[in-house]
Amino acid sequence: MKGLTDYITTAPWEDILTILFVLIDDAYKELDGEFIPNHKHSPQGGPAFSDSEVVTIATFGEMIFDGAEDKTLHFIRQYHLSCFPAILDNGRFNRRRRSLAVTMEAIRCQLRDRWRIDHPLSSEVTSLRLVDSAPIPICTYTRGSRCQSIPVDWRDEWFGVCTSKKSKFFGARCHITTTLDQMVDTWLLAPGSYDDRKPLIALLEDRQGLDIIGDKGYISEELDDRLWEEGEHLLLALKRQNQKTQWPDGIQKILGRLRHGVETAFSVLTTAFAIGDPGSRSLTGLIARTTTKFLAYTASFFLAEILTPQLSN
């Protein structure tokens, strides 16, 4: 998306940290208690280094340092220690970050919903969702059978094929839905061997009456029926040339053009937030780091809106 991540290279990083903390802390305070960790061993009032500070620094690291935790923490200690005087050592920070994965996703949902309230879509497109997936390699394909990040009994399911690049990978496949303005609505990680159709029902959980635009990988009469039964969803998948039933003239082209939005979202997630290179050593680490990347992507909508006018003056 043009302009979504310009602030990373043009805005003062202290401004990014400040705005990011305010966004995250405000969303954190609105969360239900089930999404807030129980700090049993902390003194009254919570830990000295708050959950909002952990999430802010982790998200900032995804924006500026491609998620490199050591570089991020070293940078904060050297240049912005006054903003985070109680910053944790690297090991404790990593453990806190992993424990906050559910909290970070809840914060992302809060920001997503806030963005939609402030930037409503027209009634004609509010039910439209774009769906796609992308591989997230954990290690090289040849090392997959020895990868310690995935339990032995599960490893066969994590060998996948990326048809667009005509390559094989070992890892997860990230599935997302976005609105037409490229805001990520829902996402999930599935084993790499799962094709795009298998996780779609779970991806649309708690959603109702959506029109889903997907590529040719989502073609399935059985899936069409299940989506309608589960949530009265309509699946609008691009047709293959050899199919007997085709879309009316011009519809295939329109669907293809609209689908570019989700491809652009993945492009930003890949180039600006390195979603294809999580750098995790465990499955819980993969989930936590991917969650942080989606939070960074969502927060960027607010940061771009707030900081771009300031930079243009």
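Computed from the coordinates by the stated procedures, all read-outs in this text should not be read as laboratory data. Please read all numbers here as calculations on a predicted model, not as lab measurements. Backbone-built Cβ (ideal geometry, glycine too); neighbour counts: all protein chains shown.
Points worth noting:
- Each residue in LYS244, LYS198 was given a count of other beta-carbon atoms within 10 angstrom of its own, and listing them fewest first yields LYS244, LYS198.
- With respect to the chain, whose longest principal axis is taken over its alpha-carbon atoms, helix 13-29 is tilted by about 80°.
- Relative to its Kirkwood radius, the Cα radius of gyration of segment 123-277 gives an Rg/Rh of 0.99.
- Of the GluC sites (Glu not before Pro) found in segment 213-313, the ones in coil according to DSSP and having at most 11 other Cβ atoms within 10 Å of their Cβ are GLU232.
- Counted by neighbouring Cβ atoms within 10 Å, the residues ARG129, ARG281 run from fewest to most as ARG281, ARG129.
- Rounded to the nearest whole Hz, the Karplus-based 3J(HN,Hα) values (6.51 cos²θ - 1.76 cosθ + 1.60, θ = phi - 60°) of segment 251-264 follow the sequence 5, 4, 5, 5, 4, x, 5, 5, 5, 4, x, 6, 5, 5, with x at glycine and proline.
- Filter on LYS29/LYS198; LYS29/LYS293; LYS166/LYS198 - keep pairs with C-alpha separation over 28 Å: LYS29/LYS198
- Cleavage-rule hits, GluC sites (Glu not before Pro), segment 97-169, DSSP coil, Cβ neighbours within 10 Å at most 11: GLU124
- From the coordinates shown, Cα Rg over 2.2 N^0.38 Å corresponds to which of [x] 1.04; [y] 0.99; [z] 1.10: [x]
- When the helices of the chain are scored as -39500 (n - 2.57) per DSSP H run of n ≥ 4 and the total is divided over every residue, the value at 222 nm lands at -14500 deg cm²/dmol.
- Fewest-first sequence of VAL22, VAL184 by Cβ atoms within 10 Å of each Cβ: VAL22, VAL184
- For the chain, the relative contact order works out to 24 percent when only alpha carbon pairs closer than 8 Å and six or more residues apart are counted.
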